[in-house]
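Worksheet for the structure shown next.
The values are calculated or read from the model by the stated rules, or taken from the named source; none is laboratory data. None of these values were measured; they are calculated from a predicted model. Methodologically, a virtual Cβ is constructed for each residue, glycine included, from the backbone with ideal geometry; neighbour enumeration extends over all protein chains shown.
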Amino acid sequence: MRRRAFIKSLATGLAMAEVLPAVGRELATQLKGLRADVAAAATPDAMWSRVRKEFMLEPGFIHLNCGSLGATPRLILDAVYEYMKELELNPVANEWGPLGSRMEGVRSLAAEFLGAETDEMVLTRNTTEGINTIASGLQLESGDEILTTDHEHAGGMIGWQYLARRYDARIVQIEMPAPVKSADQILELIEDNITPRTRVCSFSHVETITGLQMPLAAISRITRPKDILLVCDGAQAPGMLDVDVKALGVDAYASSSHKWMLAPKGSGLLYIRREVQSRIDSAFLFSGYRGYSASSGTRNVPHLIGHGLAMDFHNALGRDRVEARCRQLCVYLRQRLSAFPTLRLLTPTQPELSSGIVTFGLEAGSNGSIFSLLKGNGIRVKVVPGTYVVSGLIPWLKSRNHNALRFSTHVFNSEADIDRMVEVLAGELGPAKDG
């Protein structure tokens, strides 16, 4: 079923690119050429070398922080710029005419990308906006509980902090182990913390701190029979993992496409399962879920078209191929860094619990000093705090210091990038162990 929808989306995406004059036809040609080059590559190394040519990263710069922001391919940026110029030739007519009409096509592409139906998809700017839309549309009673973890991002938590303060509700945080040993360990922690007052469970699909992939399908089998709304922070998954929200069983899923999907900055998606939509009374959704509505207001149409082009780009490469590459590089990075005695792995190694993110804690020294060392050598990673939550709003929320660094690998990276980073680290951490 998803396969048929996927094939249809490829045709739709390229057809959409051809609707407008030169820019659309040129883009369709480039995507077809990319797909042909990938298919014809003699070796995997040759294939990924070809893909890396699509990116504009500075020569010598190693970007290992896609978990914060991805690198948008040149062909997408060029197209967005051309669509911006197209819009300004006749602003009103194009905003609500030839250009604006493509927003619904992007929404349909997004639905296929996440395994949803079009009427369950909303085009947003980021994960924060998506979760805030959910949280601001819910009604709770004093004493109700929102269950989450202490490994959530501030963007995924701020809506729940607002909701808790508004209704005098309680946020319950599970203290997550690092690394997690098994899915059963997670499920037991969740079951132990659910009470008769739990109304919402909010978890990341892929944790921003450790890269743990949460067992959402199993979690949904706990929450749905209890009529607990399961909301997912999906900032770190679409574009890295091949996501199917129906298979995951979540009620709502918010993501940031400017990370792993490599879309223009300020691109996001929100899925809301049809059966729970009546429970979410948000002003942003008051006029419906369409790309443009009275409650959404005027949209940045060229930017939203670029969002759809990022999905076309992933489809041209093959989403399963992208996921495999992200994982392959992450395993290689994990193996190389595990050889340093002063680094402690915080990410699970099991494939079903891991992702394209790996995090290491430092047994000695500070993550800030290692970050600065790498930055000075043209390598960008992420300093990992104990928690991202805005503790100033609710001071009792837990906070820990992992003294860690997070590494994210995507299709523009290579084994040589990782080898270069290991060389730099060896000068500070000492030689790695053999084997």
For residues in the stretch 299-313 being surrounded by fewer than 22 Cβ atoms within 10 Å (Cβ to Cβ) and in contact with a helix residue (DSSP H, G or I) (Cβ under 7 Å, 6 or more places away or on another chain), which is modelled with the highest pLDDT?
HIS303
If you go through the stretch 204-215 one residue at a time, do you hit one that is assigned to a helix (DSSP H, G or I), on the phi < 0 side of the Ramachandran plot and not assigned by TED's automatic domain parsing to the domain that holds LEU362?
no
Out of (1) surrounded by fewer than 20 Cβ atoms within 10 Å (Cβ to Cβ); (2) of a type in the set (Phe, Trp, Tyr); (3) over 23 Å from ARG25 (Cβ atoms), the one TYR81 does not meet is (3)
Are any residues in the stretch 324-372 basic (Lys, Arg) and either within 16 Å of GLN236 (Cα to Cα) or crowded, with 17+ Cβ neighbours inside 10 Å (or both), and if so, which ones?
ARG325, ARG327, ARG334, ARG344
